[in-house]
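One structure below.
Just so it is clear, none of the values below were taken in a lab; they were calculated from the coordinates. Computed from a predicted structure; not experimentally measured. When we count neighbours, we look across all protein chains shown, and the Cβ atoms used for this are built from the backbone with ideal geometry, even at glycine.
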2 protein chains.
Amino acid sequence: MIKDLPPNTVERLSLYRRRLLNYPNEDKLYIHSHKLAHLLKINPAHIRRDLMLIGFTGDVHKGYNIQNLIDKIGKAIDCKHTQKVAFIGIGDLGRAVADHFNQKETKLKIAATFRTSKPPKTQFQEVTCYHISDMKKVLIKENIELVVLAVPRSYAKAISGEIIRTKVKGILNFTSVHLNVPDRIFVEDYDVIAKLEKLSFFTNTA
Amino acid sequence: MIKDLPPNTVERLSLYRRRLLNYPNEDKLYIHSHKLAHLLKINPAHIRRDLMLIGFTGDVHKGYNIQNLIDKIGKAIDCKHTQKVAFIGIGDLGRAVADHFNQKETKLKIAATFRTSKPPKTQFQEVTCYHISDMKKVLIKENIELVVLAVPRSYAKAISGEIIRTKVKGILNFTSVHLNVPDRIFVEDYDVIAKLEKLSFFTNTA
DNA sequence: TTCTTGCTGTTAATCAATTCACAATTGCTT
DNA sequence: AAGCAATTGTGAATTGATTAACAGCAAGAA
Ligand SMILES: NC(=O)c1ccc[n+]([C@@H]2O[C@H](COP(=O)([O-])OP(=O)(O)OC[C@H]3O[C@@H](n4cnc5c(N)ncnc54)[C@H](O)[C@@H]3O)[C@@H](O)[C@H]2O)c1
Ligand SMILES: NC(=O)c1ccc[n+]([C@@H]2O[C@H](COP(=O)([O-])OP(=O)(O)OC[C@H]3O[C@@H](n4cnc5c(N)ncnc54)[C@H](O)[C@@H]3O)[C@@H](O)[C@H]2O)c1
């Protein structure tokens, strides 16, 4: 894992890797910066710079070796141990995200889901679904470090209050409630409405 | 509508408004920059600067008048006509987003949803659900300008090929497929995996 | 009245992200 | 063997986003 990568670079590296994992099907061993840039609709220099930051070098004519690049990205951004993820709230949104997640190659592992209604024994392969009242206990016992929070907004605050008493280090927060957690916990908020309103704005001015 | 607002400012203004729409319940007419900043966990100067950009001024002691601010944000970022939004793919993800959307105050209006299986007559209040094969026709007829794309990734390319033959100006794309559309169409991609992998990275280095 | 306090509006400074632009490299062609 | 063409790696320039800092103001206290 490489220190001091800019946040946007880390995010892009993840996207590069996911795109490349589909690429060998297309029967090539190497890829050029401009080709990958085109697939992702970004600037080629961007890619070269990102790869420079993780110390990956290409061949001046063949471009970048795809498998080696995938591996190198893993060394750069993946945690050494497998980090466990829990889904808190597994309604429509949580289910969609968890499903999507389980179809992708990633080092992260879904270790638990939580909800209020009586849970079925399992969901998503071997993932256990617990009742929300066991959340704190399970998060601690299972050593879960990341959570996806997708519960009705009125519960967000109380739940985040419990989360801070566990070893959770990061929260992907879909509740549109801004969580009050200590600095040691990373929060990433996402809000569709703001994105759509931005889209609306820029499709009517620019 | 104000020209030349930075993208991030537009997004934040949307968030300010949504937060403030809940605030009068809390029985205040005015709010200070540092108070709102605290609610959103951002820097107060940021808020003052954003409001400066839309020409909104506060009272040096009372702060910002909440209702006036809500109105001013509307004038700054909302489209003059009501823009119509369609959901293409209304499975778990589409449903979650559409639901979330319909609970919020916004000038945007869901005008149609599309899916492959035989559609029920309606969903979400008065929104009609159409079969995907009618998509192009309906998008054109209804003058739909924004779409949320949440179909299985294998269909994304073909569907975006149809979309470009309509008046759609913006796509919120959840498919993890990078769409090849002309520049006149704004695309906003979102990818949970990249966000989670970023979270994983920063909870293990920083 | 005069002083103190705490806020806004705004400029300036900083920090981060993106893009440009080109030297260096090397396969390929002639 | 020499010249061409295409690509990487990267410093420099640019653009954009964020934060600091403070003047100026006005309410309320003394
Ligand atoms: N930020 C965004 O972009 C975005 C998009 C879509 C939905 N959302 C939000 O995500 C949340 C979930 O949406 P959804 O469509 O999946 O809702 P849903 O009603 O389908 O699912 C809610 C889930 O939360 C669980 N839950 C309910 N009460 C709970 C409690 N007291 N404690 C713990 N868990 C509880 C339920 O068991 C269920 O699993 C909502 O708050 C919604 O507004 C946000
Ligand atoms: N980017 C992200 O963060 C993210 C998160 C979750 C899911 N996803 C992706 O979003 C998509 C939808 O996920 P979901 O869980 O809602 O899936 P889902 O299977 O529940 O729903 C799929 C929807 O697409 C429709 N559909 C199926 N085939 C179609 C076709 N040929 N043409 C048009 N529409 C068709 C279906 O009718 C259904 O409405 C998937 O591609 C998933 O991987 C992305």
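Some notes on this structure:
- For peptide A:74-83, the mean count of partner chain Cβ atoms within 10 Å of a residue's Cβ comes to 3.
- Note on region B:7-77: Rg/Rh from C-alpha atoms, Kirkwood Rh, equals 0.91.
- Across identical copies of the chain, A:Lys118 has label-point separations of 3.2 nm, listed in ascending order, with the point defined 7 angstrom from Cα along Cα→Cβ.
- Close amide H pairs (under 5 Å, H built 1.01 Å from N) link B:Asp78 with no residue at least 5 positions away or on another chain.
- Here is how far apart the B:Ala45 label points are across copies: 2.8 nm, shortest first, using a point 7 Å from Cα toward Cβ.
- Here the residues B:Leu40, B:Leu149, B:Leu108, ranked from fewest to most Cβ neighbours within 10 Å of their Cβ, fall in the order B:Leu40, B:Leu108, B:Leu149.
- Residue of A:Thr166, A:Thr106, A:Thr57 that the Gaussian network model of chain A assigns the largest fluctuation, springs spanning Cα pairs under 10 Å: A:Thr57
- Note on region B:29-170: Kirkwood radius taken over Cα pairs, Stokes-Einstein applied at 20 °C and 1.002 mPa s, translational D equal to 122 µm² s⁻¹.
- For B:Val187, the residues whose modelled amide H falls within less than 5 Å of its own, excluding neighbours fewer than 5 places apart on the same chain, are B:Ile171.
- Principal-axis tilt of helix A:7-21 within chain A, Cα atoms, nearest 10 degrees: 70 degrees
- Note on chain B: with a GNM built from Cα contacts shorter than 10 Å, the maximum mean-square fluctuation among B:Ile42, B:Ile110, B:Ile31 falls on B:Ile42.
- Acute angle (nearest 10 degrees) that the helix B:153-163 long axis makes with the longest principal axis of chain B, alpha-carbon atoms: 90 degrees
- Cβ-vector label at 7 Å, B:Gln103, separations to other copies in nm: 2.5
- Helical runs (DSSP H, four residues minimum) scored at -39500 (n - 2.57) apiece and divided by the length of chain B put the mean residue ellipticity at 222 nm at -12500 deg cm²/dmol.
- Karplus-derived HN-Hα couplings along region A:167-180 (A = 6.51, B = -1.76, C = 1.60, θ = phi - 60°), whole Hz, x at Gly and Pro: 8, 4, 10, x, 10, 9, 10, 9, 7, 6, 10, 7, 8, 9
- Counting only DSSP beta bridges with both residues in region A:83-194, the antiparallel share comes to about 10 percent.
- Within a Gaussian network of chain B (alpha carbon springs, distance under 10 Å), most fluctuating of B:Asp59, B:Asp50, B:Asp99: B:Asp59
- Euclidean distance between Cα centres, region B:64-142 to region B:23-46, Å: 29 Å
- Ranked list, fewest to most other Cβ atoms within 10 Å of each Cβ, for A:Met135, B:Met1: B:Met1, A:Met135
- For region A:126-135, Karplus couplings with θ = phi - 60° (6.51, -1.76, 1.60), whole Hz, Gly/Pro x: 9, 7, 7, 9, 9, 6, 4, 5, 8, 3
- Mean separation of Cα contacts under 8 Å (6+ apart) over length of chain A, as relative contact order %: 15 percent
- Using alpha-carbon coordinates, inclination of helix B:44-53 to the longest axis of chain B, degrees: 70 degrees
- For the Cα trace of the protein assembly as shown, dividing Rg by the Kirkwood Rh returns an Rg/Rh value of 0.96.
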